[in-house]
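**Q** Before I ask anything, let me first share the structure, which is written out below as structure tokens.
What follows is calculated from the coordinates using simple rules that are stated; it is not laboratory data. The structure displayed is predicted, hence computed values, not measured ones. In this analysis, Cβ positions are derived from the backbone assuming ideal geometry, glycine residues included, and neighbour counts consider all displayed protein chains.
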Amino acid sequence: MTDENWQAQLLRSMDPAMTPADRTDSPAGPASTAAGPATGPVPAPPPSVFHAGTAIDTDEQTATLHRNAGVHGDPLVRRWIGTLRTALGRQATHEIEELAGLAERANLPITTGRRITVAGVRGGSGKSTVSALLTTTLAGVRRDPVLAVDADPDAGSLPLRLGPLGVGVRTASDNGIAQVSAFDQIARHLARTVTGVWLWRRALSAALGRQDEAHAALLLRDRVRFLGRYFAVTVADLGAGLHGAANRALITDSHAVVLTGAATLDGVLGADAALRRLGEDFGDGLLARTVLVLSTTVPGPLGVDLREAADRLRAYGAAVVVLPYDRHLALGAAIDQRRIGTATRTAALRVAAETMDRAIRG
């Protein structure tokens, strides 16, 4: 028996319909041809997707293979983080540009000293806090000296809010302050804080207190005017209200006025009355040089729409700035610029910019 016959018999014993010629792995040769036609049906070859002409020849197959072609290289979370960083980056850039613009306005060059008075609508309106914020902000952005004058007859809190004093300052009394002729002699009559703000404490001293009110007010005005020759900016923190003789004398002689009120319904109504009073007593020219600061002293709802209130108060011609609630300022202690909130720092810089704009025009 030949090898070919033995293989054929074995295949027929397994499947009578198969012959050696049906095997796909059998080589083609004379023996396969001699076996004759198959006795059973020949199965059709399996369908083939790939052809010799091209690997992929239908659009449907192409679309199937490319069904994941639109998948992003980064996961969804990473893309959200990237979008957030871009948005925050744009916001940070806008905030930096805004702060730079405000600082530039607060640092405008001046040829003669500017005198600014800070008055409160009533007691407890945050007047000394705003005075301290204004002077420290100006001293931080300007290269020339800034003087703070404590003109509150009721022992105001300005010295406390300005922070600790430097060492080795104030070696002379106020009596001879108007007889000096050089800055180094002026410095002997003043104190200086560690932040660089010069301070004239107790401007309404006992010597002025022995004068009648009208005369004392004129002496105080003349001394502030004299000191203003040696400082780029002089900020006088007045007593409460607008009715005292000293307050009226300094307001009349100032280049700009900062009026403070509480960011409450009562504070807004009081600010409205105070602005009307300023216009009646000093004219519209002073209102154009006035900056109203509404201080927020409590967190949470205030019971008043500050945006609408500010728009209405601007009708007088004054600028209006809202000072947000700040836990550091609420302590009532020395103000540390490094610890106040970002929104508070921006508002303080806006107050300085608006005030210097008006002081230079005045």
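**Q** Hey, with R₀ at 35 Å, roughly what FRET efficiency would residue 212 and residue 280 work out to, going by the Cβ-Cβ distance, to 0.05?
**A** Values: r = 26 Å, r/R0 = 0.74.
Rounded to the nearest 0.05, the efficiency is 0.85.
**Q** Once you treat every alpha carbon in the stretch 95-361 as an equal point and sum by Debye, what is log10 I(q)/I(0) at q = 0.07, 0.14 Å⁻¹?
**A** -0.22, -0.93
**Q** Would you mind calculating the gained length between residue 339 and residue 112 on full extension (0.36 nm times residue separation, minus the Cα-Cα distance), in nm to one decimal? Please list the in-between numbers first.
**A** Values: separation 227, 0.36 × 227 = 81.72 nm, distance 3.29 nm.
Taking residue 339 through residue 112 to full extension adds about 78.4 nm, to one decimal.
**Q** Among DSSP beta bridges whose residues both lie in the stretch 95-361, state the antiparallel percentage, nearest 5. Walk me through the numbers before you get to the answer.
**A** Numbers: 3 of 33 bridges.
Bridges in the stretch 95-361 are about 10 percent antiparallel.
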